[in-house]
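The structure appears right after this line, and notes come after that.
The values are calculated or read from the model by the stated rules, or taken from the named source; none is laboratory data. This one's a predicted model, so the numbers in the text were calculated from it and none came from an experiment. Positions of Cβ are backbone-derived with ideal geometry, glycine not excepted, and every protein chain shown enters the neighbour counts.
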Amino acid sequence: MEEHRNGECQCLLSVLDKAERGPVIDQRTFDRILINRKINELVEKHDIQWDQEVMVPHDENLADRLFEAGMALALDAGVYCIDTKRRMIWNAEELEQALRTAPPEEVLGTGKDSVTLYPRRPGDDIRVAVAGGPFGIPVPEDLFVPMMMSYAQEPLIDIIDNASLITTHGRPIRAASPWEAVACWQEKSLIFEVLERAGRPGMPIGCAENAPSAIGELASTTYGGFRPTDWHHNSFVSELKTTYAELTRAVHYSHTGCHSHGFYNPIYGGYVGGPRGVAVASVAGLILMRACYGVTTMNAGPSHPHLSCDTHPDLLPAQALAFQALARNTRLLIANFERPVAGPCTRDILYEVAALTIASVSSGVSLVECVQSARGVEVAHATGLEARFAAQVTHASEGIHPGDADMVVRSLVAKYADGQKELRKGKPFDEAYDLDSLQPTAEWERLYEQVIGEMRSEYGLKVLPG
Amino acid sequence: MQNTDWEALQEGLLSSLLNGETEGALSLTRETLSLGTEPVEFFTLCITPVLEEIGNRFQRLEIYLPEMVEAAEIVEMVNAQVIQPAIDSAQEGKSPSQSPSTKGKVLLATVQGDLHDIGKSMVALMLKVNGYHVSDMGIDVAPSDIVAQAKENDVDIIGLSSLLTTCLPYMKDVIDLLDGVGSRERYSVMVGGAAVTPEFARQIGADAYGSTAAEAVVICDRIMKHRMPIS
């Protein structure tokens, strides 16, 4: 154990050294040359392309070439540290070691509420874990507990991820201030109350959502606070950038034995370019998050520049292919991240969620993260029901091959794609759920049942009760 | 200049901008002006529509941010090396702020505590290609620095961006500071970013809210149309 800890410590120190000693580079140059130009070269060199009609590519050779392209980007670009203005560079052996030492499985939570995540390959019928929650959607203080209860009471949700509070004890929350720490402690108190009421005290919590800087996380992941068995967050700033704050989180997680999850959002139309560039950047980003932060689960949730979603038809194949590339060539515990345009109480949200879920599970993800509804920007527009739906579709998709998933996803996309530009945000939690019973309204329940019926009758999915 | 084939000129300039051909754009501009075309006319009838087309192509995602960056940089060089000198020599004594090259001056910043940059960069580019002079202060910018820079740059519009709800109070701080120093009326403030909503914009007294880069252009056009000159 001591040797293992010493090894981890040395690895962490070497990462921090890279932030201090790597070559100095202007951020603009990093973005334009090492990200954009390099990605363009790699896309051509590795012939990363697919038929635009295809939503779930199923070409194993293409997936493997994408992995090579992603690895090449990871080696050539590295990670840019915004604070030191230096490029953190890994050699091939270091990256391969980071991948080799990824855990063969991961247990989150405790006791009866724990969940085990396993690496999967495309088409596997291994059980996929489900992280359900609003994923940081802003919510008034008085709605936090009822909203989070709507997730905690869903038996198919294995990990719960918190909403963000709009205020803390009636005061505005300011990033990188003491208020962030206050908000995170309040978040912890409230979610622990939720889990007690739901009878799931050991359920792993995605946290701390009220921590845009390291302050909140460091303040609240300690004695009496969030636990090592919870699901803590690290992230890259787009594209492939880190900060002292994120590296500080990584140090804290390493020394407190916390499980940590990395997320990275390549921006479609930004420096990564189009969908092919999104695919390459996603692969590189997940490899580099493993190397840089030592995360054990990770997701890339690319963002459409105008719609802020990741369910746009241009982005589905990019994500599916990136998942396949990583699932075929590593044992990383990769996740998707579901950020539809539509919100609760719309049919569209269910179609968007179903499309991305089926594409992701068939492509080899170990974890589905659901749902940052209504693009994550509308106050309190999230409910447990869309997460339940996503979980049901997740398990119904286990064992489906990407080639078989493609026709299903194409059909689903046809149902929602044209409507995405209308930004159908749906209804907030207190209009989509009865606040006394904490059950969906009749309207929302009816829509949900109709679409579940479609999943079964139209697509032949063996959707079990939630 | 009579009988100018503006369509051909636009096609030529567009091709140069999209292919990153700086010399091509400079040559085309110099040659056109040397044949008698007025610089303002060239800017209005060639450069402006070409930049709008570039913005439209980005909106349709036919091109991406790096192409827009490069196009904007080339146009800046064309303006600096060819158009502006031609205007200056033809209209001696005219101040730069009266140049037809600028619809207005915009200061952009991602507010304190927030490190997200790319969305704001897209707004900056869209504004530039649509005729605005843009100063971008970058990320994690303190409210006091924004107010100071707005004054120093003598801008018309302050654009604030944030992806994080916990950084929204810093947007309000900017407006409160402007009130505090008696400069609120001098600047129009527009806010945007994933964390921002129209309701929040109204609550803090912002002049406008925009949800996309294209919308930012529409907003700035509307603001500049109605903006009274500060005496």
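All but one of (1) surrounded by fewer than 23 Cβ atoms within 10 Å (Cβ to Cβ); (2) more than 13 Å from chain B (Cβ to nearest Cβ) hold for residue A:314, so report the exception by its number.
Unmet condition: (2).
Among the listed residues B:148, B:201, identify the single one that is within 14 Å of chain A (Cβ to nearest Cβ), without any contact (Cβ under 8 Å) to a residue 24 or more places away in the chain and hydrophobic (A, V, I, L, M, F, W, C).
Numbers: B:148 fails: within 14 Å of chain A (Cβ to nearest Cβ).
Selected residue: B:201, the only one of B:148, B:201 that is within 14 Å of chain A (Cβ to nearest Cβ), without any contact (Cβ under 8 Å) to a residue 24 or more places away in the chain and hydrophobic (A, V, I, L, M, F, W, C).
Filter the helices (runs of 4 or more DSSP H) completely within the range B:85-204 down to those with at least 1 residues that are polar (S, T, N, Q). First the steps, then the outcome.
On the way: elements: B:118-129, B:143-153, B:168-180, B:198-204.
Answer list for the range B:85-204: B:118-129, B:143-153, B:198-204.
Output the residue which, of all residues in the range B:115-141 that are in contact (Cβ under 8 Å) with a residue 60 or more places away in the chain and within 13 Å of chain A (Cβ to nearest Cβ), is surrounded by the most Cβ atoms within 10 Å (Cβ to Cβ).
Here the residue is B:123.
Is it true that some residue in the range B:46-65 is in a helix (DSSP H, G or I) and touching a strand residue (DSSP E or B) at 6+ places or on another chain (Cβ under 9 Å)? Lay out the reasoning, then the answer.
From the range B:46-65, those in a helix (DSSP H, G or I) are B:46-59, B:65; that's our starting set.
Those left that are additionally touching a strand residue (DSSP E or B) at 6+ places or on another chain (Cβ under 9 Å): B:65.
Among the residues of the range B:46-65, at least one is in a helix (DSSP H, G or I) and touching a strand residue (DSSP E or B) at 6+ places or on another chain (Cβ under 9 Å), which makes the answer yes.
So which of A:232, A:252, A:259 ends up being in contact with an Asp or Glu (Cβ under 9 Å, 6 or more places away or on another chain) and surrounded by fewer than 21 Cβ atoms within 10 Å (Cβ to Cβ)? Write out each step before concluding.
On the way: A:232 fails: surrounded by fewer than 21 Cβ atoms within 10 Å (Cβ to Cβ); A:259 fails: surrounded by fewer than 21 Cβ atoms within 10 Å (Cβ to Cβ).
That would be A:252, the only listed residue that is in contact with an Asp or Glu (Cβ under 9 Å, 6 or more places away or on another chain) and surrounded by fewer than 21 Cβ atoms within 10 Å (Cβ to Cβ).
Please find, within the range A:194-219, the residue that is nearest to the other protein chains (Cβ to nearest Cβ) out of those that are part of a loop (DSSP other than H, G, I, E, B) and in contact with a Cys (Cβ under 9 Å, 6 or more places away or on another chain).
If we filter the range A:194-219 for residues that are part of a loop (DSSP other than H, G, I, E, B), which is where we start, we get A:199-204, A:208-213.
If we keep only those that are in contact with a Cys (Cβ under 9 Å, 6 or more places away or on another chain) as well, we get A:208-212.
Numbers: A:208: 11, A:209: 10, A:210: 7, A:211: 9, A:212: 5 Å.
Only one residue tops the list, namely A:212.
Is it true that some residue in the range B:20-39 is at pLDDT 90 or above and within 14 Å of chain A (Cβ to nearest Cβ)?
Yes.
Do you know which of the residues in the range A:30-88 that are part of a helix (DSSP H, G or I) and of a type in the set (S, T, N, Q) is surrounded by the most Cβ atoms within 10 Å (Cβ to Cβ)? Steps first, answer last, please.
Of the residues in the range A:30-88, the ones part of a helix (DSSP H, G or I) are A:30-45, A:60-77.
Next, from what is left, pick out any that are of a type in the set (S, T, N, Q): A:36, A:40, A:61.
Values: A:36: 23, A:40: 17, A:61: 8.
Step by step, filter the range A:30-88, then rank; the result is A:36.
Checking residue A:180 against (1) within 14 Å of chain B (Cβ to nearest Cβ); (2) under 24 Å from residue A:339 (Cα atoms); (3) of a type in the set (Asp, Glu), which test does it fail?
It is condition (2) that residue A:180 fails.
Using the structure shown, decide if residue B:144 is surrounded by fewer than 24 Cβ atoms within 10 Å (Cβ to Cβ), farther than 27 Å from residue B:43 by Cβ and of a type in the set (Gly, Ala, Ser).
Values: surrounded by fewer than 24 Cβ atoms within 10 Å (Cβ to Cβ): yes; farther than 27 Å from residue B:43 by Cβ: yes; of a type in the set (Gly, Ala, Ser): yes.
When the stated conditions are applied, residue B:144 passes them.
With respect to residue A:65, is the statement that it is modelled with pLDDT of 95 or more, closer than 30 Å to residue A:409 by Cβ and among the basic types (Lys, Arg) true? Give the derivation first.
Details: modelled with pLDDT of 95 or more: yes; closer than 30 Å to residue A:409 by Cβ: yes; among the basic types (Lys, Arg): yes.
Answer is yes for this residue.
Determine whether residue B:83 is buried (at least 21 other Cβ atoms within 10 Å of the Cβ) and either within 14 Å of chain A (Cβ to nearest Cβ) or under 22 Å from residue B:217 (Cα atoms) (or both).
Details: buried (at least 21 other Cβ atoms within 10 Å of the Cβ): yes; either within 14 Å of chain A (Cβ to nearest Cβ) or under 22 Å from residue B:217 (Cα atoms) (or both): no.
Judged against the criteria, residue B:83 is not a match.
Please go through the range B:132-157 and give me each residue that is touching a Leu at 6+ places or on another chain (Cβ under 9 Å) and among the hydroxyl-bearing types (Ser, Thr, Tyr), ordered by number.
B:135, B:144
Tell me which residues, restricted to the range A:155-193, are under 20 Å from the mean Cα position of the chain (by Cα), in a loop (DSSP other than H, G, I, E, B) and buried (at least 21 other Cβ atoms within 10 Å of the Cβ).
A:157, A:158, A:162, A:163
Pull up the range A:249-279, narrow it to residues that are of a type in the set (Val, Ile, Thr), within 14 Å of another protein chain (Cβ to nearest Cβ) and without any contact (Cβ under 8 Å) to a residue 60 or more places away in the chain, then point me to the one that is nearest to residue A:183 (Cα to Cα).
Step by step, filter the range A:249-279, then rank; the result is A:267.
Considering each of B:227, B:186 in turn, give the residue that is surrounded by fewer than 20 Cβ atoms within 10 Å (Cβ to Cβ), of a type in the set (Lys, Arg), over 22 Å from residue B:125 (Cβ atoms) and at pLDDT below 90. Give the steps one after another, and end with the answer.
Details: B:186 fails: at pLDDT below 90.
From the options B:227, B:186, the qualifying one is B:227.
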